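First the structure, in the form of structure tokens, and then the observations on it.
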Amino acid sequence: TTEVDQGFIKYKSDVFNVKYGRQVVTFDNHRFVGHVGWRQDRQTFDGLRLGFTPAKDLAINYGYITKRNRIFSEEADIYSKDHLLNIGYNTSFGKITGYAYFLEVDNNTDNALDSYGIRFSGGTATGAGKVLYTAEYATQESESGGSSFDADYMLLEGGLAMKPVTFKVGYELLGSDNGNYGFSTPLATLHKFNGWAAGAG
């Protein structure tokens, strides 16, 4: 397949920027919004993105997405009415991020996927190297066809960076609503988070 990867108009000043058109949109570690970057036909989005930096360490980003250009070519693209809000603040110990992602497939049905979360990620230098840490929590509500479900997300990660090697251990939980629904991140760079799963038979 052949298609346009990006095509947009952009304005940028010291504290404000706006971009309209087909573009890459990523937030944080790509768990909720990413570009699936290892694909030749990576994921991009059609829409409007606004950025505001009222202070040195504060960044406010908002995006309105009208089409999700997925990795499976045009036949699998999805028209949408997505609102993405991500606010990050840098501290001396790491970055605090609050986010709210309101996703809706534009297919004349009653559907919504709303996620709210907070994330803290950073590192502290020590004599042995750099101690790394991340903690994140989110809650999600899914509405479709008159049914409503809730689920939670949690991530805990710690590590030590000693050049040229970095050691990390992490725990990630994508919860469910009593087994009837699973926490979903349809705009993510999903392959990045594929791992192992264990369960009882």
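The values are calculated or read from the model by the stated rules, or taken from the named source; none is laboratory data. The shown structure was predicted, so the numbers you read here are calculated from the model rather than taken from an experiment. Reconstructed Cβ throughout: ideal geometry from the backbone, glycine too, with neighbour counts over all protein chains shown. When the accessible area is computed, the model is the full protein with side chains, heavy atoms only, and any ligands, DNA or RNA have been set aside. Shrake-Rupley method; radii C 1.70, N 1.55, O 1.52, S 1.80 Å.
What does the charge count around residue 160 come to, taking other residues whose C-beta lies under 13 Å from its C-beta (Lys +1, Arg +1, Asp -1, Glu -1)?
For residues surrounding residue 160, the net value is +2.
Before I look further, what does the chain give for accessible area per residue, probe 1.4 Å, in whole square angstrom?
59 Å²
Among 121, 184, 148, determine the one that fluctuates most according to a GNM of the chain built with springs between C-alpha atoms less than 10 Å apart.
148
Along the positive direction of the dipole of region 42-201 (beta-carbon charges: Lys, Arg +1; Asp, Glu -1; about the Cα centre), which of 162, 137, 107 reaches farthest?
Of 162, 137, 107, it is 162.
Per q in 0.11, 0.16 1/Å, what log10 I(q)/I(0) does a Debye calculation on the alpha-carbon atoms of region 98-187 return?
-0.44, -0.72
What are the lysines whose alpha-carbon lies under 24 Å from the alpha-carbon of residue 81, with same-chain residues fewer than 8 places away excluded?
Leaving aside lysines fewer than 8 places away in the same chain, those within reach of residue 81 are 10, 19, 67.
Please state the shape class of the chain: rounded when a/c is under 1.5, otherwise prolate if a/b exceeds b/c and oblate if not, all from the C-alpha gyration tensor. Display every interim value, and only then the final one.
On the way: a/c = 1.59, a/b = 1.16, b/c = 1.37.
The shape class here is oblate.
Given +1 on the Cβ of Lys and Arg, -1 on the Cβ of Asp and Glu, and no further charges, what dipole in debye does region 132-196 carry about its Cα centre, rounded to the nearest 20?
Rounded to the nearest 20 debye, it is 520 debye.
Taking only the alpha-carbon positions of region 97-137 and ignoring solvent, what does the Debye formula give for the base-10 log of I(q)/I(0) at q = 0.35 Å⁻¹?
Each listed q maps to, in turn, -1.09.
Taking Rh as the Kirkwood radius computed over C-alpha pairs, what is the Stokes-Einstein D of region 65-122 at 37 °C in a medium of viscosity 0.692 mPa s, expressed in µm² per second?
For the chosen part, D equals 246 µm²/s.
Using the Cβ atoms and a cut-off under 12 Å, what net charge is assigned to the surroundings of residue 102, where Lys and Arg are +1 and Asp and Glu are -1?
Taking every other residue near residue 102 into account, the sum is -4.
What nm distance separates the two modelled labels at residue 92 and residue 130, each placed 7 Å from Cα along Cα→Cβ?
Modelled inter-label distance: 1.8 nm.
Can you tell me the length gained on complete extension of the stretch residue 56 to residue 120, counting 0.36 nm per residue apart and subtracting the Cα distance?
Details: separation 64, 0.36 × 64 = 23.04 nm, distance 1.81 nm.
Residue separation times 0.36 nm, minus the Cα-Cα distance, leaves 21.2 nm.
What FRET efficiency would be calculated for the residue pair residue 166, residue 194, taking the C-beta separation as r and a Förster radius of 30 Å, to the nearest 0.05?
0.95
Rounded to a whole number, what % of the accessible area of the chain do carbon and sulfur atoms account for, probe 1.4 Å? Write out the running numbers ahead of the final one.
Numbers: 6670 of 11900 Å².
The value for the chain is 56 percent carbon and sulfur by accessible area.
What size of dipole, in debye to the nearest 20, comes out for region 39-116 about its Cα centre when the only charges are +1 on Lys and Arg C-beta atoms and -1 on Asp and Glu C-beta atoms?
Here region 39-116 has a charge dipole of around 440 debye.
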